[in-house]
Amino acid sequence: MENNYFKAILIFAFVSIISFVLWKFSPNEIFASIAFQGAILLLVPLALSFVYKQRFSEIGVSIERKKEIFFYSAALILISIPIMLYAARLPEFNAFYPQFFARNFPEFLKFEFLALPGFFFLEFFYRGFALQLFRKSVKNDYLAILLQNIPYFFIHYGKPAGELYYSFFAGIVLGYVCLKAKSFLPGFFAHYSGAFIFDYLNW
């Protein structure tokens with residue numbers, strides 16, 4: 001048991017370092033940002049998984065439970081809509097989102113499409129790779145969810161206060177759902193769809 005918790009501490013340190021690098025050094029330019037996020041949130045975890053001979057299912061990459069993935073994704077999106085409708089009326093969010101200038105709807109769609117890989121990388125890292133590693137090390141789903149959520153919460157520092165607090169609770173819910181679905185995909189679909197809708201409401 002002590003060995004398992006030692007592993008959890010090492011994993012937490014690794015996830016925290018990656019989170020700090022992401023928060024501190026991510027470029028502002030869209031293509032550079034995508035490449036940077038892909039390198040540290042996708043390629044590094046995949047390389048480690050290859051070295052330690054982990055199957056994709058062991059890092060939350062699975063479509064085995066298709067019905068659960070669809071159900072949880074749809075439920076999360078529907079539940080978040082009233083929250084987004086309320087938040088979109090607040091000045092702090094109006095001033096911050098969307099984080100681009102689009103002159104028309106096709107241009108808006110272009111920016112949203114470019115943002116998609118970032119959400120994929122983010123959810124793979126936190127709700128796939130990190131979450132499953134914590135689960136395997138501590139043998140406790142709820143503790144694993146909390147451990148992956150602390151660094152995830154940290155990367156939201158500097159965003160509107162309402163989003164900072166919301167990200168903590170959202171990270172808990174997404175972690176729980178992704179464990180149930182045995183896949184990071186509900187987190188990705190819900191997170192990206194929510195961001196798309198929220199950007200549109202504030203556009």
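What follows draws every value from the coordinates through simple rules; no lab data is involved. Note that the structure is a prediction, hence the values are computed from the model and not measured. Virtual Cβ from ideal backbone geometry, glycine too; neighbours counted across all protein chains shown.
In table form, for the structure just shown:
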| read-out | value |
| --- | --- |
| Under the Karplus curve 6.51 cos²θ - 1.76 cosθ + 1.60, θ = phi - 60°, whole-Hz ³J(HN,Hα) for segment 114-125, x wherever Gly or Pro sits | 5, 7, 4, x, x, 5, 4, 4, 4, 5, 4, 5 |
| Residue range of the chain that is longest and free of GluC sites (Glu not before Pro) which are both DSSP loop and sparsely packed (at most 10 other C-beta within 10 Å) | 65-203 |
| Cβ-based net charge around residue 192, under 13 Å, with every Lys or Arg adding one and every Asp or Glu removing one | -2 |
| Relative contact order of the chain, defined on C-alpha pairs under 8 angstrom at six or more residues apart (%) | 35 |
| Helical contribution to [θ] at 222 nm, DSSP H n ≥ 4, -39,500 (n - 2.57), averaged over the chain, rounded to 500 | -23500 deg cm²/dmol |
| Given charges at beta-carbon only (K, R positive; D, E negative), |dipole| of the chain in Debye | 540 |
| Residue among 193, 73, 137 with the largest mean-square fluctuation in a Gaussian network model of the chain, springs linking Cα atoms under 10 Å | 137 |
| Selected from 153, 142, 95, residue furthest toward positive end of dipole (the chain; charges at beta carbon) | 142 |
| Set of aspartates and glutamates near residue 110 by C-alpha distance (under 17 Å), chain-local residues within fewer than 8 positions excluded | 29, 199 |
| Cα-Cα over 23 Å, subset of 53/182; 67/182; 139/159 | 139/159 |
| Most mobile listed residue (106, 186, 45) in the chain, GNM with C-alpha springs under 10 Å | 106 |
| Angle between the chain longest axis and helix 141-154 axis [Cα atoms, degrees, rounded to 10] | 50 |
| Length released on extending from residue 25 to residue 102, taking residue separation times 0.36 nm less the Cα-Cα span | 25.2 nm |
| Gain in span if fully extended, residue 169 to residue 143, counting 0.36 nm per residue against the direct Cα distance | 7.9 nm |
